[in-house]
1. Confirm whether residue 207 is at pLDDT 90 or above and exposed (fewer than 15 other Cβ atoms within 10 Å of the Cβ).
2. Here is a check on your reading of the model: is residue 66 under 18 Å from residue 253 (Cβ atoms) and not β-branched (Val, Ile, Thr)?
3. Which residue, of 382, 377, is surrounded by 20 or more Cβ atoms within 10 Å (Cβ to Cβ), touching a residue at least 12 places away in the same chain (Cβ under 8 Å) and assigned to a loop (DSSP other than H, G, I, E, B)?
4. I need the full set of residues from segment 74-88 which are surrounded by fewer than 16 Cβ atoms within 10 Å (Cβ to Cβ) and outside any loop (DSSP other than H, G, I, E, B), in order please.
5. Within segment 165-203, which residues are more than 29 Å from the chain's Cα centre (by Cα) and modelled with pLDDT of 80 or more?
6. Got at least one residue in segment 416-429 being outside the structural domain of residue 188 (by TED's automatic domain parsing) and surrounded by 20 or more Cβ atoms within 10 Å (Cβ to Cβ)?
7. For segment 462-469, does any single residue satisfy the condition of being at pLDDT below 85, surrounded by 18 or more Cβ atoms within 10 Å (Cβ to Cβ) and farther than 26 Å from residue 324 by Cα?
8. Restricting to segment 109-137, count the residues that are assigned to a strand (DSSP E or B) and either among the β-branched types (Val, Ile, Thr) or surrounded by 15 or more Cβ atoms within 10 Å (Cβ to Cβ) (or both).
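The values are calculated or read from the model by the stated rules, or taken from the named source; none is laboratory data. Predicted model, so just to flag it, every value in this text is computed and none were measured. Here Cβ is always computed from backbone atoms with ideal geometry, including for glycine, and neighbour counts include all displayed protein chains.
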Amino acid sequence: MRSWIKSGSPWVWLTSGGVSLALLAVLGLLCLIGWRGLSYFWPAPVYQWQLQDDNGAISTLIGERYDREQVPLETVTEAGINFAVDGDVVERFLVKTGNREYVPLDFRWVWQPQVLSEAAPTSLAVIERRQNGNFYGEIVQLQYNGSRYQDDFIGQWLPKAVAYANELVGKAEAMQRHEIGSLNYQLEQLRLARLGEPDSEQQRQLERQFKALEQQYQQQESKLFKLRSQASRDHLLVRDMRGELVRINLADVVQIHFPNAMSFTDKLKHWGGNVVEFVSAEPREANTEGGVFPAIFGTVFMVLLMAVVVMPFGVLAAVYLHEYAGKGWLTRFIRIAVINLAGVPSIVYGVFGLGFFVYVLGGSIDSLFYSEALPNPTFGTPGVLWSALTLAILTLPVVIVSTEEGLARIPNSVRHGSLALGATKAETLWRLVLPMASPAIMTGLILAVARAAGEVAPLMLVGVVKLAPQLPVDGNFPFIHLERKFMHLGFHIYDVGFQSPNVEAARPLVYATSMLLVTVIVGLNMTAIGVRNHLRRRYRHLDS
């Protein structure tokens, strides 16, 4: 036994066991996030309950069962609620009621002893709307294209009516985003140009262009109002849980489905459509409904911009420290400073970015090049460029250390042989040393991307917002607008999970967005790992 302990085998088993437990914990966490996130998009059944309160009044409740729990009978009695039940616990379940305009709460707890009956009629519809969340009820009448449909005819014409209304709404939104958005951008640029020009022929020419654009704007606005009016033509009459008929305009409807009448195949198709919509659509209802495409785009765009900035500076700094700098106290001090920078809290980088990049550098750019737009800042305000630069400084130590380690693994005999054959030091670095160190450089990039994609604290100060009206990339010159604010998946998780007024509705979105953020980070890292492996195969002959 003593010899076995001295051999070191127990420590090997202990280490492997710890690593295995850590891997199982990570995989379990990812599976939990994936299950809770993906199950959010599955069409849940809709129930109709008959309830009786303490006074004997009977009411109807329609909604989805979200959660259930067992409450000790003693706790219920202490709360002043008395139920005649067998056993020591009372069951209650959480119901999503929707119908936000007519019901005080989106979610309510229902005690099982209050339930007189429970049913899941196939006629109950879930109406997903652009505002005010879901609406639950029974569709009584459809008005479409000047005709009214009831009973069996509703199922025949309802998909066509909803698709037609969504098509018109989509055209209106596309027109507002592209044609009208482009005209607004051009009008703003002309307005600023007029402010910078004195009274001259150039000023009068700008005035004529401005009036021509205003006429185009009025024409596009007239088309937009016509599309909105046409989309608002049709509507539904729905009987809600109160027994009253409610009119719902089809222009406000995203989709309608009948979960209690759907087969497994129908539910699977609906689930896939919801996942696609979540990834490709824009958020609604204070980020608690709709999709997260702007946040995905902002995260990937900011990380790629950060990588473009940090890689050259990190590699140049590492090459200087290892290949050119002397071995004196200054070099040691710089290395110690680089290592210590890796341990600085990220929020400190955010404060630095806000003070230096936004106020000093951005304010100077506005004073020199965008003075006509002042006091409204152009670059002197948080934006995606300053966010990328801040995260580039945050991840710079990782790239420097990783690159320097890669350079240190290259034998000096390789350098000496190249120099002996007549190559200069710069040629040796460019053609021999850097290609051999490229896998280590890509390792630094992988670590930098993994950290930058998950950072939230500094971004809250230098560019990220709850809802960005425009993407950093559009069809207006110069096409890439680095001064704009952007959305980020990490901040979206924080906002939905901790700032949402409706916690129960936002909780599933936290899991879904977390799963998506992990997927984006893994995708970026796998891309970098693929490039690193390609570089290893390409320059393997140099190692030999």
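1. Values: at pLDDT 90 or above: no; exposed (fewer than 15 other Cβ atoms within 10 Å of the Cβ): yes.
Criteria not met by residue 207.
2. Values: under 18 Å from residue 253 (Cβ atoms): no; not β-branched (Val, Ile, Thr): yes.
So residue 66 does not fit the description; no.
3. Values: 377 fails: surrounded by 20 or more Cβ atoms within 10 Å (Cβ to Cβ).
Of the residues listed, the single one that is surrounded by 20 or more Cβ atoms within 10 Å (Cβ to Cβ), touching a residue at least 12 places away in the same chain (Cβ under 8 Å) and assigned to a loop (DSSP other than H, G, I, E, B) is 382.
4. Matches in segment 74-88: 74, 75, 77, 78.
5. Step one: filter segment 165-203 for residues more than 29 Å from the chain's Cα centre (by Cα), giving 186-203.
Within segment 165-203, 186, 187, 188, 189, 190, 191 meet the criteria.
6. Here is the first cut: in segment 416-429, the ones outside the structural domain of residue 188 (by TED's automatic domain parsing) are 416-429.
Now restrict to residues that are surrounded by 20 or more Cβ atoms within 10 Å (Cβ to Cβ): none.
No.
7. Just the residues of segment 462-469 that are at pLDDT below 85, to begin with: 469.
Next, from what is left, pick out any that are surrounded by 18 or more Cβ atoms within 10 Å (Cβ to Cβ): none.
No, that holds for no residue.
8. The initial filter retains those residues of segment 109-137 that are assigned to a strand (DSSP E or B), namely 109-111, 115-119, 124-129, 134-137.
Filter again for either among the β-branched types (Val, Ile, Thr) or surrounded by 15 or more Cβ atoms within 10 Å (Cβ to Cβ) (or both), leaving 110-111, 115, 124-129, 134-137.
Total meeting the criteria: 13.
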